[in-house]
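Notes for the one structure printed next.
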Amino acid sequence: MNSIIEKITTTALQAPEKICYKNGEETHTYQELLQKSDRIASFLQDKFLPAKSPIIIFGGQQFEMLVMFLGAIKAGHAYIPVDDGSDPSRVIQINEVAKPALILNWSNITDFGVDTPQVTKEELTQVLASDNNIYDSNRSVGPDDNFYIIFTSGTTGTPKGVQISTNNILDFANWAENEFDYSGEMKMLLQAPFSFDLSVFDIYPGLMSGVTLNIVDKDTTKNFGKLQEAIINSDFNTWVSTPSFFEMCLLFRGFDAEHMPQLNKFIFCGEELTHATAKKLLKKFPDAELYNTYGPTENTVAITSIRIDQDSLEKFDRLPIGYLKSNMDYRINGLVDETTGQLTGELLVSGPDVSKGYLNNPTQTEKAFEMIDGQMFYHTGDMISVADDGLLFYHGRTDFQIKMHGYRIELEEVDSMLGNLEQIKQSCTVPLYNNKKQVSKMIACIVLENDFIDDDEKDLAADIKDSLKATTMEYMIPNVLKFVKQLPISKNGKIDRKTLIGEINE
Ligand code: AMP
């Protein structure tokens, strides 16, 4: 039997009536998860699909999606989660790269414009209600086989399918369970789409530990009133999200320890946790455990973590991303920074959480993965520095590094400085290119803190620039400050710098 399925089954059999999935009033038990996924496995094995061929599973954040994920693994097929909020062309692109054997379609879309056979929601509903639950666990997904394949956003070019094996997830889950004390007492917020690996923070270590997954789905997230109600009236005790999603919820009245005393653990991943966001959180939830974690999809969800408390806020202007998992190795492709004395450069990582590469894409795999001293390293594309004790700090993406008038500038470094000013809630600095494709200006798009939104923009811009002048070099100061109501947010809930660069350069 697949080892992850085995662990979930053992946990589920100890408390079959326990709720594993809760979405508003809708709840489902562990027993249901086991039984229904057996039926999907039986149905899939009866189809005699090519061994180990992947399957696209298309839908939202419904219980049936989790059932189908586990059913596919039991049957012996890796799954490719595709969110039903995606553009339909995404299915065509993914289909072309992955050549899946089947599409399990938990949506009302009838035609994806591809030849791959699909099973409709109606048929799947019948399978889920059937008595056929016999499958051969010897044919289940093996330790080094692909478990899931998550496709990158592919805003430019063809999306890449990151292959994650059973062993990759097992290693991540074992680390996460220890690091964040997973237990059956946990009720976890699950807001990320299932096509974003942040959701794996909840799903696998969670189901293996017997937690209740509290879904806040896309429709709820889109509606301010509904979202506020879902968050404030919830009983979850563990928060998992991107910092941007948390920032959005800070506006809700009653979102604090006084009204939500059970909420005592916050785990962030996926984008930078700013000093300002962490400070606001600890003000509202002074006794809560707050963790910053970091990791690319290619390294299975997260590979570093650190607890952030008042001491960290005092000690660091820009928060660290934590210590690397002890069974992983790293290299920094860079130099010792003259001013800080710290080794700084692109982070390369190796170890049991590293993917075997991109599905059917040797060219991109070769670009991003490199064998060094007999070990496979993944090039993260992230600029990282390392303190003497091994604490890691994030400085931005290598591809968000610009050159302006000869100076090399990390756009995220500029945002980090802006974010430390009292007037600024969020910012995203982007380059403006001239017709020779050179950066002619840096434009900072800024969302103001509520207390400043009615202030005169010229005065604000002057004050902000003066504050920056006191702490940084002239060339790091954005040429234009543009005050906006909100920043574009990607489907995965992160500030979408690439979209903003496109908009500014239209
Ligand atoms: P994804 O593969 O979509 O999960 O994105 C991974 C990328 O998000 C990383 O390579 C980083 O650039 C960024 N990222 C993830 N976690 C953090 C963090 N805690 N701080 C800063 N950047 C992060």
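Brief remarks follow.
- Theoretical gain in end-to-end length, residue 1 to residue 25 [0.36 nm per residue, Cα-Cα removed]: 5.3 nm
- Cα centroids of segment 245-288 and segment 145-192: 23 Å apart.
- Summary of packing: across the peptides 271-283, 215-227, 332-344, 313-325, the per-residue average of other C-beta atoms within 10 Å ranks them, highest first, as 271-283, 313-325, 215-227, 332-344.
- For segment 1-120, the spread of Cα positions along each principal axis, largest first, Å: 43, 35, 19
- Hydrodynamic radius (Kirkwood) for segment 242-369, which is based on Cα pairs only, to one decimal in Å: 16.8
- Applying 1/(1 + (r/R0)^6) with r as the Cβ-Cβ distance of residue 122 and residue 499 and R0 = 35 angstrom yields a FRET efficiency of 0.45.
- Protection proxy ranking, peptides 15-24, 72-81, average beta carbon neighbours within 10 Å, highest first: 72-81, 15-24
- Among beta bridges that DSSP assigns inside the chain, antiparallel share in %, nearest 5: 65
- Calculated FRET efficiency for the pair residue 51/residue 387, C-beta based, R₀ 45 Å, to 0.05: 0.40
- Zone residues, segment 419-448, relative to residue 482, backbone N less than 15 Å from point 7 Å out along Cα-to-Cβ: 427-434, 440-448
- Estimated Rh, segment 202-310: Kirkwood, alpha-carbon pairs, angstrom: 14.6
- Site pair residue 315 and residue 144 shows an inter-label distance of 4.0 nm when each label is modelled 7 Å from Cα along Cα→Cβ.
- Binning the C-alpha pair distances of segment 274-327 at 10 Å intervals from 0 yields a P(r) profile of 24, 48, 24, 3 %, listed from the shortest bin outward.
- Spatially, segment 203-224 and segment 1-56 are offset by 16 Å when compared through their Cα centroids.
- The chain: Cα Rg divided by the 2.2 N^0.38 Å rule of thumb: 0.99
- On Cα atoms only, tilt of 275-284 relative to the major axis of the chain in degrees: 70
- Of 458/482; 160/325; 22/283; 7/160; 458/494; 265/425, those spanning more than 18 Å from alpha-carbon to alpha-carbon: 160/325; 22/283; 7/160; 458/494; 265/425
- Amide hydrogen neighbours beyond the local backbone of residue 102, cut-off 5 Å, H modeled: 56
- Residue separation of residue 408 and residue 115 scaled by 0.36 nm, minus their Cα-Cα distance, works out to 100.7 nm of gained length.
- Each label point was placed 7 Å from the Cα along the Cα-to-Cβ direction; for residue 178 and residue 323 their separation is 1.1 nm.
- Label point distance in nm, residue 13-residue 434, each placed 7 Å from Cα along Cα→Cβ: 7.1
- Inter-part distance where segment 74-132 and segment 430-506 are each reduced to a Cα centre, Å: 41
- Extension gain for the segment residue 132 to residue 99, taken as residue separation times 0.36 nm less the Cα-Cα distance, is 9.1 nm to one decimal.
No lab work stands behind these numbers, since they all come straight from the coordinates. Computed from a predicted structure; not experimentally measured. As a convention, Cβ positions derive from the backbone with ideal geometry for all residues, glycine included, and neighbour counts pool all protein chains shown.
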